[in-house]
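Step one of this worksheet: look at the structure below.
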Amino acid sequence: MKKAKMPLFSAALLAVFVLGACGGDETGTDGNGTGEQNNNGGEESSSGGTLIFARGGDSQSLDYASVTDGESSRVTKQIYETLIEFADDSFELEPGLAKDWDVDDDGLRYVFYLQEGVTFHDGTPFNADAVKTNFERWADPDHQYAFTDEGYSYSVYGTQFGGFKGDEGHVIEEINVISDYEVEFILSKPLGSFLQNMGMSYFAITSPAALEEYGADIDENPVGTGPFKFVSWTKDASIVLEKNEDYWQDGLPKLDGVTFQVIPDNSARLTALQSGEIDLMDGLAPDDAAMIEGQAGLTTFERTPNNVGYLGFNIEKEPFDDVRVRQAINHAIDKNEIINNIYGGLAEPAANAVPKDYLGHNDDVVAYEYDMDKAKELLEEAGYGDGFEFDLWTMPVSRPYMPDPEQAAVVIQDALSELNITANIVTKEWATYLEEIELGYQDMFMLGWSGVNGDPDYFLGSLLSTDGIPGSNQMFFSHEEVDALLAEAKTTIDPEERAALYEEAQLIIHEEAPMVPLVHAIPALAGVDTISGYVPHPSTSESLKHVEISN
Amino acid sequence: MLAYAIRRVLLLIPVLFGMTLVTFSIIQLIPGNPAQTILGEQATPQAIAALEEQLGLNEPFWVQYGVYISDLLSGDLGVSLRTNNDIAQEMWPYLAGTLELTVFAMLFAIFVGVNAGIISAWKQNSIFDYTSMVIALIGVSMPVFWLALMEQWFFAQELGWFPAFGRNNPREPVEAITHLYILDAALTGNWQQLGTTLKHLVLPMVALGTIPMAIIARMTRSSMLEVLRSDYIRTVQAKGSNQSVVIYKHALKNAFIPVITVVGLQAGTLLGGAILTETIFSWPGIGRYIYDAISYRDYPVIQSGILVIAFIFVCINLVVDLLYAAIDPRIKYD
């Protein structure tokens, strides 16, 4: 009798294990992205498989132009296309929906010649009217498809094209449809980054018929011309895309589909990769990168650095209003130590706010060398030989350009203590942090900036011009000469002339030292080694049309 | 009993009303401006002012509260500032995820806990008793997140028995009808998917259910031991009834009253633990929904989310109280 009752308890435990044991092989084989488990792969051997791409956060919206987060554009990059595309691994311009373009010498008129025979996912044709409708939608808050009443705003359009229709700085004066496949943009003044902007995933073309059909719900019903079609979106879980069988580029895409899966926790994401539930993951922690290298079946991918992690001084506050103090702190920080300890080597020391390989990156600007004696000397000169105390604002979240802000703050605190400087580490909730540094509450703060269009103006103009106050210039750095150089560079078309202007600006910025440029971080991804054709783009949004998963 | 039940339900009204006042007030204290957050860093002061006007953020506290309550009474949880969607509709998939997880965790805790407690009491001082009580002690002392991470490492990564994240297989997602995936898989008659969905539940369910399971086991054991020593049980035994009748028919009913209290309390704390578990297992539940809302200063969502959780908590308490009265008619509430 007693024995008869025992199974009650055992059953509970058994149920747990049996369930696991019976289906154990399912996740096991599934995971390596191999053959039979790709349910939609069917029997065709040519099938490219379905890629499960795991990331830390969900998209905010699938209406790319109304949001600024990378997680959104990473998905829309698959569904939508722009007139100009960036090369696979750089910001070099290549034809996209426009097969060619002409620019008038004065830089005020651009004509784009569009690809013919391209259709949107809803079957309607892509043409010059579609281009005009989209650009007017972003430019004109009163446009029928602007949906401003529903809370839509197109801030990136405003920043990149000098504001909106009717604003003084707005550069796009008119858009004319010359023929079905020719569209003309007339600018009110030249804009050096105009073509680069055209490649930004924010300015991709939506089907006007879909805007008509879905209205403000377009953010959950994306219809583009891209290699993948939208299937479904389960918030905070997954976005499912399927192959666009009618894609205009022959033989592409290779995959049958892509699923973007949200797994917020870094280690859980890695576990999911190791147990084979996903194929590719973003946001690999630097410490894990070395471990992955040695694991069979897995591989890592590195993105070209396109960011800067920096320490900013609030130069309106004492003692950081003194350039010698700023230079002293620049000398006191050992970037290599930070790179080795915090980035696991996955970063390059920064001398400059602009990443290398950018147009106008001044190679002559050499980072302040790590030299404590020099730092002491400068402080002495500035009258701070006995040191001082200040608040070091530390980011509460990790970002690709700053994977472990707290640890970095401790290293900096430690270095400064050698100069008798006491840095009190202060941290705040993220949204508050961003808001308050914009208001100038900080003494010194930690932040970073990532590029989106490969144009130096996006870094220098945003971070270090007076136009960026209040906003992204949280150092409150305002320098007449720098402003003039950046403004001229912005409206210059000739790349060489632009480069020279930016180079000159960087020299002044370096001398004035409003920031300590710490690193250009190399973001890493990990994936199964059966993935081929995957090239991480510096913008963080790459098309997956060439990717396939083989057996 | 009916009068008691009605009284108990009516008592909910002031409690819920008080709760709305507390959540509403606390949210007003969160630093920062939601209009600024919505419009982004580049927003002009005019645009911010216009949006504040539109959202009624400039109105005095009591006016905003009044609007909120009247909307609430008409069943309207409001509209999310971030997504512009109806909150009730938007929240349901997350709530369903949390409900599925907590219900299974509770079932696991009750089933394993009660049976382990009974057997331990019945075979007091046996190996089984010692072992299960040691396990219970470990279970109580183990932090949820640690257990979750260990499970993930061992059962997902090393053994590959269970998936490490999510509610279903991303390669073959469940078609959401009710958003309770177990039910959805059953409704569509896809048994393989039902199996996969159940497998996704196992690790988070065990992680979340272990502490309540251990507490329930210990409580059942001590309560059962007490009852087994009582005179009426001795009488039943003397009459020659078989052991299972003694235990399940006579002893359990009385031993169960303190256990129900514990179950009720634990069901409440499960909701708190669920947020941690959901994070580690990437389980899109109400915790994530509220967390996201906080980072976007989405006030209506934060308010509604907290209110819904509080409502569930209060309902669980109600059910526990009613169960007492049903099980033991001697319990009177005047």
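Listed conditions (1) at pLDDT below 95; (2) surrounded by 15 or more Cβ atoms within 10 Å (Cβ to Cβ) are all met by residue A:425, apart from (1). If you take the residues of the range B:189-224 that are among the hydrophobic types (A, V, I, L, M, F, W, C) and surrounded by fewer than 21 Cβ atoms within 10 Å (Cβ to Cβ), which of them is nearest to the other protein chains (Cβ to nearest Cβ)? Residue satisfying both the conditions and the ranking: B:198.
Checked against (1) within 23 Å of residue A:361 (Cα to Cα); (2) part of a loop (DSSP other than H, G, I, E, B); (3) in contact with a His (Cβ under 8 Å, 6 or more places away or on another chain), residue A:535 passes all but a single condition, namely (1). Every test in (1) more than 30 Å from residue A:487 (Cα to Cα); (2) away from every other protein chain (no Cβ under 14 Å); (3) under 22 Å from the mean Cα position of the chain (by Cα); (4) not polar (S, T, N, Q) is passed by residue A:71 save one, and that test is (2). Screening the candidates B:290, B:309, B:286, B:257 for the property of being β-branched (Val, Ile, Thr), more than 14 Å from chain A (Cβ to nearest Cβ) and closer than 30 Å to residue B:199 by Cα yields one hit, B:309. Close Cβ contacts (under 7 Å, 6 or more residues apart or on different chains) running from residues in the range A:145-170 that are at the interface with chain B (Cβ under 9 Å from one of its Cβ atoms) to residues that are open to solvent by 20 Å² or more (accessible area, probe 1.4 Å) and among the aromatic types (Phe, Trp, Tyr) comprise A:158/A:164. In the range B:128-175, what residues are in a loop (DSSP other than H, G, I, E, B), within 19 Å of residue B:101 (Cβ to Cβ) and open to solvent by 50 Å² or more (accessible area, probe 1.4 Å)? The answer is B:143, B:161, B:173. Checking each residue in the range B:225-244 for being in a helix (DSSP H, G or I) and either loosely packed, with under 11 Cβ neighbours inside 10 Å or over 33 Å from the mean Cα position of the chain (by Cα) (or both) picks out B:231, B:232, B:233, B:234, B:235, B:236, B:237, B:238, B:243. Of all residues in the range A:470-487, none are at negative phi, out of contact with any helix residue (DSSP H, G or I) (no Cβ under 8 Å at 6 or more places or on another chain) and assigned to a strand (DSSP E or B).
Checking the stated criteria, residue A:397 turns out to be β-branched (Val, Ile, Thr), open to solvent by 10 Å² or more (accessible area, probe 1.4 Å) and closer than 21 Å to residue A:70 by Cβ. Filtering the range A:427-460 to residues that are away from chain B (no Cβ under 13 Å) and outside any loop (DSSP other than H, G, I, E, B) leaves A:427, A:444, A:445, A:446, A:448, A:450, A:456, A:457, A:458, A:459, A:460. Only one of A:289, A:272 is more than 14 Å from chain B (Cβ to nearest Cβ) and of a type in the set (A, V, I, L, M, F, W, C). Can you tell me which? Selected residue: A:289, the only one of A:289, A:272 that is more than 14 Å from chain B (Cβ to nearest Cβ) and of a type in the set (A, V, I, L, M, F, W, C).
If you go through the range B:281-303 and keep only what is under 16 Å from the mean Cα position of the chain (by Cα) and part of a helix (DSSP H, G or I), you end up with B:286, B:287, B:288, B:289, B:290. Those strands (runs of 3 or more DSSP E) of the range A:254-361 in which 3 or more residues are in contact (Cβ under 8 Å) with a residue 24 or more places away in the chain and surrounded by 21 or more Cβ atoms within 10 Å (Cβ to Cβ) occupy A:257-262, A:307-313.
Only a single item in (1) open to solvent by 40 Å² or more (accessible area, probe 1.4 Å); (2) under 26 Å from residue A:438 (Cβ atoms); (3) touching a Leu at 6+ places or on another chain (Cβ under 9 Å); (4) not hydroxyl-bearing (Ser, Thr, Tyr) is not met by residue A:475, and it is number (1). In summary, residue A:178 fulfils each of the numbered conditions (1) among the β-branched types (Val, Ile, Thr); (2) more than 10 Å from chain B (Cβ to nearest Cβ); (3) crowded, with 20+ Cβ neighbours inside 10 Å with the single exception of condition (3). In the range B:246-277, which residues are surrounded by 15 or more Cβ atoms within 10 Å (Cβ to Cβ) and over 28 Å from residue B:102 (Cα atoms)? Across the range B:246-277, the qualifying residues are B:246, B:247, B:250, B:251.
Going residue by residue through the range A:405-415, is there one that turns out to be modelled with pLDDT of 95 or more and among the polar types (S, T, N, Q)? For the range A:405-415, residues modelled with pLDDT of 95 or more and among the polar types (S, T, N, Q): present. Those residues that are in contact (Cβ under 8 Å) with a residue 40 or more places away in the chain, buried (at least 20 other Cβ atoms within 10 Å of the Cβ) and among the β-branched types (Val, Ile, Thr), I need them from the range A:184-236; list them, please. Selection gives A:205, A:206, A:218, A:223, A:225.
Taking into account only those residues within the range B:120-147 that are modelled with pLDDT under 90 and within 11 Å of chain A (Cβ to nearest Cβ), which is nearest to residue A:266 (Cα to Cα)? Among those that are modelled with pLDDT under 90 and within 11 Å of chain A (Cβ to nearest Cβ), it is B:145. Selection of the range B:80-113 for residues being more than 9 Å from every other protein chain (Cβ to nearest Cβ), at pLDDT below 90 and surrounded by 19 or more Cβ atoms within 10 Å (Cβ to Cβ) yields only B:80.
The values are calculated or read from the model by the stated rules, or taken from the named source; none is laboratory data. For clarity, every value in this text was computed on a predicted model and none was experimentally measured. All Cβ positions, even for glycine, are placed from backbone atoms using ideal geometry, and neighbour counts span all protein chains on display. Accessible surface areas use protein heavy atoms only, side chains included; no ligands, DNA or RNA. Shrake-Rupley method; radii C 1.70, N 1.55, O 1.52, S 1.80 Å.
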